[in-house]
1. Quick one: among A54, A313, A204, which has the greatest mean-square fluctuation in a GNM of the chain with alpha-carbon springs under 10 angstrom?
2. For S278, which sequence-distant residues (separation of 5 or more, or a different chain) have an amide H within less than 5 Å of its own amide H, given hydrogens modelled in the peptide plane?
3. What is the diffusion coefficient of the chain in µm²/s, taking the Kirkwood radius over Cα pairs and the Stokes-Einstein relation at 4 °C with a viscosity of 1.567 mPa s?
4. To one decimal place, what orientation-averaged projected area in nm² is obtained for the convex hull of the Cα set of the range 2-165?
5. What list of ³J(HN,Hα) values in whole Hz, one per residue of the range 99-106 in order, does the Karplus curve 6.51 cos²θ - 1.76 cosθ + 1.60 (θ = phi - 60°) give from phi, with Gly and Pro shown as x?
6. Would you mind calculating the relative contact order of the range 2-165 from Cα pairs under 8 angstrom and at least 6 residues apart, reporting the percent as a whole number?
7. Quote the convex hull volume per residue of the range 297-347, based on C-alpha atoms, as a whole number of Å³.
8. What residues qualify as long-range amide H neighbours of D301, i.e. H under 5 Å apart, gap of 5 or more or another chain, H built at 1.01 Å from N?
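Quick note: the coordinates plus some simple rules give every number you see, no bench work behind them. Just so we're clear, the structure is a prediction, and the values are computed from it rather than from any experiment. Positions of Cβ are generated from backbone atoms using ideal geometry, with glycine treated the same way; all protein chains shown enter the neighbour counts.
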Amino acid sequence: MYVAVDDTDSVKGNCTTFLATAIIDEFADLDLIGYPRLVRLNPAVPWKTRGNGALTMRFGKGIGEKILIGNIGGRDIHCYEACSAWEPDARAMLKRIIPLVEANSEPDADPGVVVSETKPSQGFYWKGVRTILDREAAENEIERIGAIRFEMGNGRGLVGSVCAMSWRPRDRTYELLTYRPRERWGTVRVYDPSTIREAEHTIATSFNSWDEGSSKVAMVPSTPCPVMYGFRGDVPEDLMKGFRLIRTEPVERWMIFLTNQGTDDHLLGDDVPFAPNSSYILGGTVASAARYLEGGHVLIDIDTGHGPVTCAAYEPSKEFRQLLVGLRIGDEVTVMGEYRDEPRTLNLEKVHVRSLVEDIKKVSNPVCAVCGRTMGSHGKGKGFRCRRCGTRSDSPITETVPRDLAVGWYEPPAYSRRHLSKPLCRMGEVQPVCFVNQRKR
């Protein structure tokens, strides 16, 4: 039996992943089938709280390999690789879930729960991660598959629940989340940053936990939510190694989730209509010099198949902004990011610099070949002329300025990357030029 929940948190606190652990703990009399799933949906949705993540789990009678995936209050949590044909009663399960949702939801959240023996069509995942899905379409799908539901507030979480339950992974990653005792929620987190750096450097399959350029931790949240940290990677067994390495204040529970984080599933291509509130991959040519906005944000314009597009690197992306400063008109790039409605910009997540133009600087006016004197300008666009000899030239003396950039892939520092954005390390790429404190290293 599949269970999906969404929209129980807010910027003030709580976390839907914590609710998922509470549901798993409640159903100790059932087996967990496969890893619980943390499914990130469209990051461009205007009403999202933080990471726009929905949770889905499957319960039944397990068969096959038994895998340790967590611990809650001292009790080890396992999942099974498959399940028997027996299914628990959906209505009895929902009755046990409702009090957990009510106890673990923020007052301004709009939770939705879906319980179903059948998964929704996988198209709902792709719509949910790339577009804004119509509420009616989700409700119709709930009816079609014979699922039952529960909602609070406006019940917007039903949409995320349907989308999360419909996910059939093409690419996948994992995250080991640890949780603080309730009495410490909202207090300053205590941890040893050097152990997080050690985990990032010694566990090759991990990503987005530490930013070496700024010596800054990227995996510990700053919000008053229950999470102590989230350690991400491609191999769940390696996440367990990190869990043993990383030193923090005592945690009350931990759990490994299967996720779509770091997959770029949210990106649409050049061949679809271009509209705000979705994320895109666009090829184009740089059409303007970089310009700064108040607050340290940097903008640049590119010409694309959809017309001119303004791209933005905002202040939290720090040294990534220097990429835009280093681009020149005529450079060929592929940009990736969220197309925002207001302001109407493409918020950059990654940039592939495909080719660079020569950066040519005028050194001086040309020299007369007859008398050796420097020529004067003959007027705008009219070239140069020697006042003594009348000799003419069309071009000044120039030199090629070395570029601060190289062809290749560029991304923001780990602490400012989006959940869904695929890091270069997962693409087999290395950024060719690194910037530290606004200077080339």
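1. Comparing A54, A313, A204 in the GNM, the peak value goes to A204.
2. Y339
3. So the translational diffusion coefficient is about 53 µm²/s.
4. Result: 9.1 nm².
5. x, 5, 5, 5, 7, 10, 10, 6
6. Dividing the mean separation by the residue count of the range 2-165 yields 31 percent.
7. 79
8. Here the answer is A287, S288, C311, since their amide H atoms fall under 5 Å of that of D301.
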